[in-house]
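Enquirer: What follows is a single structure, and I will ask about it in a moment.
The values are calculated or read from the model by the stated rules, or taken from the named source; none is laboratory data. This structure is a prediction, so every number in the text was calculated from the model and none was measured. Using ideal geometry, Cβ is built from the backbone for each residue, glycine included, and neighbour counts are taken over all protein chains shown.
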Amino acid sequence: MIESLLVANRGEIARRIIRTAKRLGIRAIAVHSEADAGMPFVLEADEAVCVGPANPAQSYRNTEAILAAAKSTGARAIHPGYGFLSENADFARTVEENGLIWVGPSADAITAMGDKINARNLMAAAGVPVAPGTQDPAATVEAALEAATTIGFPVMVKAAAGGGGMGMAVANDEAGLRTEYEKVRGFAERMFGDGSVLIERYFPRVRHVEVQILGLADGRVVALSERECSVQRRNQKLVEEAPSPAVSPELRARFLAAAVKAGEAVGYRNAGTVECLLDPATGEFFFLEMNTRLQVEHPITELIHGLDLVEEQLRIASGEAPTFDPDALTTTGHAIELRINAEDPKRFLPGPGKVTTWVEPTGDGVRVDSGYAADTTVTPFYDSLMAKLIVHGTDRADAIAKARAAVAGFEIVGPKNNLPFFAELLENDEFLGGDYDTGIVSRMR
């Protein structure tokens, strides 16, 4: 097993990785920006190194500073968490070239899945269902219009190099496509340095369902279970639950088989997620993208399987067998995760500020993965996620009841937060019935 681990991230995910590392007797090393010097993840690490100022480009994305920190502290491995450098193939390759262990998939797998068009084509060749769309980038707006005519409006205009719900827009007609194409291309060039655009069928009513996979050290790819991620604002997730209330045993078997094919197509190792769109009217599902890292919502999979996915990642990276029998996976109960963000609960606009009160809920089946505490400050430099409130119940109704109580018992004073939204959602008839889709938040607003 790896004996020392540098966590190249911040906030709740850094704290969560450090917790598992210390439980396993692994020396945990944090890197942090100047703005994060007093944050809980820094204080809880065995060692911490400042890698630059608040700007992420000069700290958490500063590959030279992070590698220098790994060398100066004698770190044996680097865990990137999610975001920042987690899906940077060049960084993954450089880590290994420097004789360190990369706790994640290979640089080649990251590259293969990082471009949505390339990923679509790879998945189609492997027999994974993909939505009708372009096989090559739409190099001009005229090419985009031609593709849209073949696919049929409405269409989704997507940045090929995008991710996390960024670089996406819906076009309902030719005029809309001309406008959105230029917007998406410009955004993609600025954000990702790649203006390639993909045109794909848009489903007005769709569910977002994903499957957690693990590429084991012995070469096998295992699909654990699916997660429902349809409660979203601006194409970004707010709530996840497992298992999905929309997935039957027969559909689940098809989802898991497709996810295994997706992983095998790129020789996948370590943790990853195969994201799909599910048409609730027909039961058809289509490959959306593969996230080549640990997901924000991984705790709900942990709870229904009784696993620690960070431990599994570290075991895979160390060349060791998993803690579970891949041929005898079981699930128990139902889990729900709520993303507690520093944002206005009505319009979801960021609301940073100093935390004066932070009281986390407790109780049977309640888990809080937090990045903040009283007397810390949510700054505008980073993502607005403050904590993840996760509950595990005997069934969906029990999990919802526990979530209601936990939301009521979570007290945050200082920055704006979206706890009032979750209180509203957990009383919403559409959500309670389980027959919801990605438009549920807009219908609530």
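Enquirer: Looking at the range 215-229, is at least one residue under 21 Å from G165 (Cβ atoms), small (G, A, S) and in a strand (DSSP E or B)?
Expert: no
Enquirer: Can you pull out the residues in the range 250-275 that are touching a His at 6+ places or on another chain (Cβ under 8 Å) and not acidic (D, E)?
Expert: Result: A271, single match.
Enquirer: Filter the range 222-253 for residues that are at pLDDT below 95 and within 13 Å of the chain's Cα centre (by Cα) and give the result.
Expert: Those that are at pLDDT below 95 and within 13 Å of the chain's Cα centre (by Cα): N235, Q236.
Enquirer: Within the range 102-121, which residues are at pLDDT 95 or above and basic (K, R)?
Expert: If the condition is that a residue be at pLDDT 95 or above and basic (K, R), then no residue fits.
Enquirer: Look through the range 229-255, keep the residues that are of a type in the set (D, E) and under 15 Å from I336 (Cα atoms), and return whichever of them is surrounded by the fewest Cβ atoms within 10 Å (Cβ to Cβ).
Expert: Per the stated criteria, the residue is E241.
Enquirer: When R190 is evaluated against the numbered criteria (1) at pLDDT below 95; (2) basic (K, R); (3) touching a Phe, Trp or Tyr at 6+ places or on another chain (Cβ under 9 Å), which criterion, by number, is the only one it fails?
Expert: Looking at each condition in turn, R190 falls short on (3).
Enquirer: Just the residues that are aliphatic (A, V, I, L, M) and within 16 Å of S72 (Cβ to Cβ), please, taken from the range 1-41.
Expert: Listed by number, the residues that qualify are L5, L6, V7, A8, A28, I29, A30, V31.
Enquirer: Out of all the residues in the range 57-79, which are out of contact with any Lys or Arg (no Cβ under 7 Å at 6 or more places or on another chain) and assigned to a loop (DSSP other than H, G, I, E, B)?
Expert: Within the range 57-79, S59, R61, N62, G74, A75, R76 qualify.
Enquirer: Please work out if S225 is touching a Pro at 6+ places or on another chain (Cβ under 7 Å) and either outside the structural domain of L145 (by TED's automatic domain parsing) or over 25 Å from A89 (Cα atoms) (or both).
Expert: yes
Enquirer: Of L256, L277, which residue is in a helix (DSSP H, G or I), touching a residue at least 24 places away in the same chain (Cβ under 8 Å), in the same structural domain as E424 (by TED's automatic domain parsing) and within 21 Å of A131 (Cβ to Cβ)?
Expert: Answer to the selection: L256.
Enquirer: Exactly one condition in (1) assigned by TED's automatic domain parsing to the domain that holds G195; (2) over 22 Å from Y60 (Cβ atoms); (3) at pLDDT below 95; (4) buried (at least 17 other Cβ atoms within 10 Å of the Cβ) is false for V157; which is it?
Expert: It fails just one condition, (3).
Enquirer: Which one of these is touching a helix residue (DSSP H, G or I) at 6+ places or on another chain (Cβ under 7 Å) and part of a loop (DSSP other than H, G, I, E, B): A148, A169, A144, A138?
Expert: Among A148, A169, A144, A138, only A138 is touching a helix residue (DSSP H, G or I) at 6+ places or on another chain (Cβ under 7 Å) and part of a loop (DSSP other than H, G, I, E, B).
Enquirer: Six or more apart or on different chains, Cβ under 9 Å: which pairs go from a residue in the range 382-406 that's within 30 Å of Q58 (Cβ to Cβ) to one that's in a helix (DSSP H, G or I) and charged (D, E, K, R)? Could you list them?
Expert: Matching pairs, first to second residue: Y382/D36; L385/E12; M386/E12; A387/E12; K388/E12; K388/R16.
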